[in-house]
1. Starting from the amide H of LEU45, placed 1.01 Å from N in the peptide plane, find each other amide H under 5 Å away whose residue is 5 or more places distant or on another chain.
2. Eight or more residues apart or on different chains, and alpha-carbon atoms under 19 Å: count the Lys pairs in the chain matching that.
3. Rounded to the nearest 20 debye, what is the charge dipole size of the stretch 11-73 about its Cα centre when +1 sits on each Lys and Arg Cβ and -1 on each Asp and Glu Cβ?
4. Keeping the other protein chains in place, figure out the carbon and sulfur percent of the accessible area of the chain, with a 1.4 Å probe.
5. Just read off the accessible area of THR19 with the full protein assembly in place, 1.4 Å probe, to the nearest 10 Å².
6. To one decimal place, what orientation-averaged projected area in nm² is obtained for the convex hull of the Cα set of the chain?
7. For the chain, with every protein chain kept in place, what is the accessible area per residue (1.4 Å probe, Å²)?
8. What are the residues whose amide H is under 5 Å from the amide H of VAL28, where those residues sit 5 or more places off or on another chain and H is modelled from the backbone?
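The values are calculated or read from the model by the stated rules, or taken from the named source; none is laboratory data. Fair warning: this is a prediction, and the values are worked out from it, not measured in the lab. When we count neighbours, we look across all protein chains shown, and the Cβ atoms used for this are built from the backbone with ideal geometry, even at glycine. Remember, those area values only see protein heavy atoms, side chains included, never the ligands or the DNA or RNA. Shrake-Rupley method; radii C 1.70, N 1.55, O 1.52, S 1.80 Å.
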Amino acid sequence: TEYKKRIRFTHLPPKCDITIFTITGEKVRELSHDSYVDGNKWWDLRSYNNQEVAPGLYLYVVETPNGDKKIDKFAVVR
């Protein structure tokens, strides 16, 4: 099997949206998480148009339906 490049968001609330941005604020991808059992969400490091994202710093926002937000960052290194 081919090694798949992906990252995992952990300790997520049961229902939330994860929006990923470049450091300049361009939206890269939006992911939905909906699981009371599994607090993880995997992302394949691909943008909306299915292109692999470039190495660099990214911001992400985790937002719940009631408006709670967490903003953080991560780096993609190749």
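1. ILE7
2. Close lysine pairs under the 19 Å cut-off: 13.
3. 100
4. Using a 1.4 Å probe with all protein chains present, the chain comes out at 49 percent carbon and sulfur.
5. Counting only protein heavy atoms, the figure is 20 Å².
6. Taking a quarter of the hull surface, the average projection is 5.9 nm².
7. The answer is 72 Å² per residue.
8. Counting only residues 5 or more places away or on other chains, the set is ILE20, PHE21, THR22.
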